[in-house]
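The values are calculated or read from the model by the stated rules, or taken from the named source; none is laboratory data. All of these numbers come straight from a predicted model, not from anything done at the bench. Ideal geometry is used to build each Cβ from the backbone, glycine not excepted, and the neighbour counts take in all protein chains shown. Note: accessible area is taken over every heavy atom of the protein model, side chains too, but ligands, DNA and RNA are not part of it. Shrake-Rupley method; radii C 1.70, N 1.55, O 1.52, S 1.80 Å.
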Amino acid sequence: MIAPGLVQVNDCSTNLPEPFGFLLKCRQLSTTLSDATLIMLILGIETSCDETGVALFDDEHGLLAHALFSQVDMHADYGGVVPELASRDHVRKLLPLCDQILVSAGKTRADIDGIAYTAGPGLVGALMVGGAVAHALGFALNIPVLGVHHMEGHLLAPMLEDNPPAFPFVALLVSGGHTQLVKVDGIGEYQMLGESVDDAAGEAFDKTAKMLGLDYPGGPRVAALAEQGQEGRYRFPRPMTDRPGLDFSFSGLKTFTLNTVNAARERGELTEQTKADIALAFEAAVVDTLTIKCRRALEQTGSRRLVIAGGVSANKRLRAALEKMTAKTGGSVFYARPEFCTDNGAMIAYAGTQRLKAGQRDGERIVSVPRWPMNTLPPVHEPRANGLVD
Ligand code: KG4
Ligand code: ZN
């Protein structure tokens, strides 16, 4: 029985397009899984959206190598990600990137003990490319393979830094598709505290960028423009902060921004300075809103540790506001280096290592789950099969 949303590849040798076919030539007949304790060197593969990310994580020595190819330039003409183009580009870039990091780490394919790939959430075609390569390589090398959750990858990315957070903590996940507050008691022990009822914070940044005539992805561009803004010219609403609860809503703020842009344009005032002032007012509203909800979540859970992860956690103003807020209560905030806040292979290699070490593996099927609630993941302290495969 396959759970809804899973993809089964029945006959790899006929279904897989080049360049995967050649991998099957070195197919080994034994299907015995490696002993969980022998999991040392993990290849991580991220292809959920518009970045092809790969990494090699060594359980003893940490991150050995990582590489990323961003498709941003390819999608820029369309103002957003075109799924079919994304999938095709992952096909082109993935294996060369894998070989590149093996060379830079002084390793060969034979040194890899396990493979982790992003199984979801994400674009189904893009996910399938990572899953197909991971399974073909795993089959050829006779090593275990595991599909991991993209947002869990983001959540655990700060573990790659020198001062990693200890469990338990509260996590704010802020990416292009998600805005969530989660109580984290361990890997796979997630209690959802609140989430966006409409747009994600990153999505609101991207849409605001479009209104201001900035390219995709908008977050970093809005943040850069906001640096030139004058404080106090505009004040935007802080949605859902005047009522209890930990949910978010950013679509009203998006409409408010659009109305402000249109009004300025009609008055002939939409100068570069006005755009910068609007960018600043928008960014301040998002940062304030996230900070208020994080403070509430810390109070509610009694936690003093806050982790922020996902693309928007690269935002300097957000980091500074959360540092200030947590410092007041003697708490601390943890985040990854900017390149590991946005999509990357290192976070997938790290998350996959923890789960592969606990004995979790895919079956023979490529797991691809475009929509996948993170709180359905199994905890790692109980070695058992990935909850998504029967
Ligand atoms: O985590 P991510 O790379 O991909 C998803 O899983 O969605 O997040 C991408 C999002 C985009 O919406 C992008 O505009 C936003 O993160 N982002 C930022 C910044 N850097 C990336 N938003 C605000 N400030 C930034 N510096
Ligand atoms: Zn992401």
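Key figures
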{"read-out": "Residue satisfying all of: in the stretch 190-228; of a type in the set (S, T, Y) and in a strand (DSSP E or B); nearest to ligand 2 (Cβ to nearest atom) among these", "value": "S196"}
{"read-out": "Leading residue by the ranking (farthest from ligand 2 (Cβ to nearest atom)) among those in the stretch 319-344 that are assigned to a helix (DSSP H, G or I), in contact with a helix residue (DSSP H, G or I) (Cβ under 8 Å, 6 or more places away or on another chain) and closer than 30 Å to A126 by Cα", "value": "P338"}
{"read-out": "Qualifying residues in the stretch 119-167 (those that are outside any helix (DSSP H, G or I) and within 15 Å of ligand 2 (Cβ to nearest atom)) - the one nearest to R92 (Cα to Cα)", "value": "L123"}
{"read-out": "Considering residues of the stretch 345-367 that are part of a loop (DSSP other than H, G, I, E, B) and farther than 21 Å from L123 by Cβ only, the residue nearest to ligand 1 (Cβ to nearest atom)", "value": "Q360"}
{"read-out": "Residue in the stretch 327-334 that is open to solvent by 10 Å² or more (accessible area, probe 1.4 Å) and at positive phi present", "value": "yes"}
{"read-out": "Selection status of R243, open to solvent by 30 Å² or more (accessible area, probe 1.4 Å), part of a helix (DSSP H, G or I) and out of contact with any helix residue (DSSP H, G or I) (no Cβ under 7 Å at 6 or more places or on another chain)", "value": "no"}
{"read-out": "Where a residue in the stretch 174-189 is in a strand (DSSP E or B) and its partner, wherever it lies, is open to solvent by 10 Å² or more (accessible area, probe 1.4 Å) and within 12 Å of ligand 2 (Cβ to nearest atom), with Cβ under 6 Å and at least six apart", "value": "V174/V312"}
{"read-out": "Given (1) open to solvent by less than 20 Å² (accessible area, probe 1.4 Å); (2) charged (D, E, K, R); (3) under 19 Å from H178 (Cα atoms), number of the condition D343 does not satisfy", "value": "(1)"}
{"read-out": "Out of R267, R233, R304, sole residue that is surrounded by fewer than 19 Cβ atoms within 10 Å (Cβ to Cβ), of a type in the set (K, R) and closer than 29 Å to G331 by Cα", "value": "R304"}
{"read-out": "Given (1) without any contact (Cβ under 8 Å) to a residue 24 or more places away in the chain; (2) open to solvent by less than 10 Å² (accessible area, probe 1.4 Å); (3) not hydroxyl-bearing (S, T, Y), number of the condition F167 does not satisfy", "value": "(2)"}
{"read-out": "Close pairs from the stretch 333-348: first touching a residue at least 24 places away in the same chain (Cβ under 8 Å) and over 20 Å from I42 (Cβ atoms), partner of a type in the set (S, T, N, Q) and open to solvent by less than 60 Å² (accessible area, probe 1.4 Å), Cβ under 8 Å, at least 6 apart", "value": "V333/T326; Y335/S313; C341/S313"}
{"read-out": "Number of positions in the stretch 293-317 that are assigned to a helix (DSSP H, G or I), in contact with a strand residue (DSSP E or B) (Cβ under 9 Å, 6 or more places away or on another chain) and within 16 Å of ligand 2 (Cβ to nearest atom)", "value": "3"}
{"read-out": "Qualifying residue in the stretch 85-100 (condition: more than 16 Å from ligand 1 (Cβ to nearest atom), at pLDDT below 95 and at negative phi)", "value": "no"}
